[in-house]
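Enquirer: Take this structure first; my questions come after.
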Amino acid sequence: MCTNRHSALSRRIRHVVMDMDGTIYLGSHIFPYTLDFLELLRRKGIGYSFLTNNPTKSPKDYIAKLTAMGIPCTEEQMLTTSRTVVEYIGRHFPSAQRIYVLGTRSLQELFVSKGYSLVDEKDAAAPDVLVVSFDTTLVYPRLCKAAWWASKGVPYIATNPDRVCPTEEETVLVDCGSIQKCIEHATGRKADVVLGKPDPTMLFELEERLGLQKDEVAMIGDRVYTDIEMGRRAGALPVLVLSGETTPELAREACLPGDLVVKDLASFGEML
């Protein structure tokens, strides 16, 4: 699904934003072409960043994982929903101090490091903001309390819309989108804001920080409803790779004429 128009657009690219799982690696295994692709970007003077909807780890955790795979990465190159949700609350709720976080210890510690106080599920006083995330440490009483605060009208922010998290294991990793549905079914309340892909906030902030035009950015990922939709909403070049979740059949059904569909990063590298 590559046209002459796509080839022309790819030649304008000055910065590449990459999804991680399913795009540069799968689970704990790096794809064999990833390092060559990154080296190509460096040779051509094209900047790059990594973007993930998974808020279970901090930016430093992801940098450590990438480094262990031989992928060089700085904190400035690591775009995560965990960092985005903290920054979002700082901008939109500047007086907020007490946060109820339905999320992993890593996300909770990130809030604490930024000066916020965490509300416990046994606390009777309402928090200033409710944050619901992909919580791999989820326990029933904390879920119930999150639903309670949602039912009471506390400002409610979710980190990402993903229904499941990709895995090589023989299980289904229930992600933040499914946890939100649980709360919605119990209370009738949806999150006020759902950050992460496909919300374009992270791309807009990157473009402003680096002085990039929308059409100078490529958003690469393996999911149409998050990665590609984010690229569409941000006005970037959406590049779907078939190395992860999306099959060729699904791509034909879901992609629009403006989307570029390639086998993997190596195929997109050939266009650059």
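Enquirer: Looking at G258, G244, can you tell me which residue is part of a loop (DSSP other than H, G, I, E, B), under 20 Å from T52 (Cα atoms), open to solvent by 10 Å² or more (accessible area, probe 1.4 Å) and not acidic (D, E)? Don't jump to the end; show me each part of the working.
Expert: Working: G258 fails: under 20 Å from T52 (Cα atoms).
The unique qualifying residue is G244.
Enquirer: Also, quick follow-up: Find all pairs meeting these conditions: Cβ atoms under 6 angstrom apart; at least six residues apart or on different chains; first residue within the stretch 73-100 and surrounded by fewer than 17 Cβ atoms within 10 Å (Cβ to Cβ); second residue part of a helix (DSSP H, G or I).
Expert: Correct list of pairs: E75/P59; A96/I89.
Enquirer: Separate question: Would a scan of the stretch 28-49 turn up a residue that is open to solvent by less than 10 Å² (accessible area, probe 1.4 Å), closer than 15 Å to L265 by Cβ, out of contact with any helix residue (DSSP H, G or I) (no Cβ under 6 Å at 6 or more places or on another chain) and not in a helix (DSSP H, G or I)?
Expert: no
Enquirer: When F134 is evaluated against the numbered criteria (1) outside any helix (DSSP H, G or I); (2) open to solvent by 40 Å² or more (accessible area, probe 1.4 Å); (3) among the aromatic types (F, W, Y), which criterion, by number, is the only one it fails?
Expert: Looking at each condition in turn, F134 falls short on (2).
Enquirer: Considering only residues that are open to solvent by less than 70 Å² (accessible area, probe 1.4 Å) and outside any strand (DSSP E or B), which ones fall in the stretch 101-119?
Expert: G103, T104, S106, L107, Q108, L110, F111, G115, Y116, V119
Enquirer: Mind counting the residues in the stretch 5-42 that are free of Cβ contacts under 8 Å to residues at least 12 places away in the same chain and touching a Ser or Thr at 6+ places or on another chain (Cβ under 6 Å)?
Expert: Total satisfying the criteria: 0.
Enquirer: Now for a different question. Any residue at all in the stretch 213-229 that's touching a residue at least 60 places away in the same chain (Cβ under 8 Å), part of a helix (DSSP H, G or I) and touching a His at 6+ places or on another chain (Cβ under 8 Å)?
Expert: There is at least one residue in the stretch 213-229 that is touching a residue at least 60 places away in the same chain (Cβ under 8 Å), part of a helix (DSSP H, G or I) and touching a His at 6+ places or on another chain (Cβ under 8 Å).
Enquirer: Within the stretch 173-197, can you find the residues that are open to solvent by less than 20 Å² (accessible area, probe 1.4 Å) and more than 24 Å from S151 (Cβ to Cβ)?
Expert: K197
The values are calculated or read from the model by the stated rules, or taken from the named source; none is laboratory data. Note that the structure is a prediction, hence the values are computed from the model and not measured. With ideal geometry, Cβ positions are generated from the backbone for all residues, glycine too; neighbour counts draw on all protein chains shown. For accessibility, only protein heavy atoms count, side chains too; no ligands or nucleic acids. Shrake-Rupley method; radii C 1.70, N 1.55, O 1.52, S 1.80 Å.
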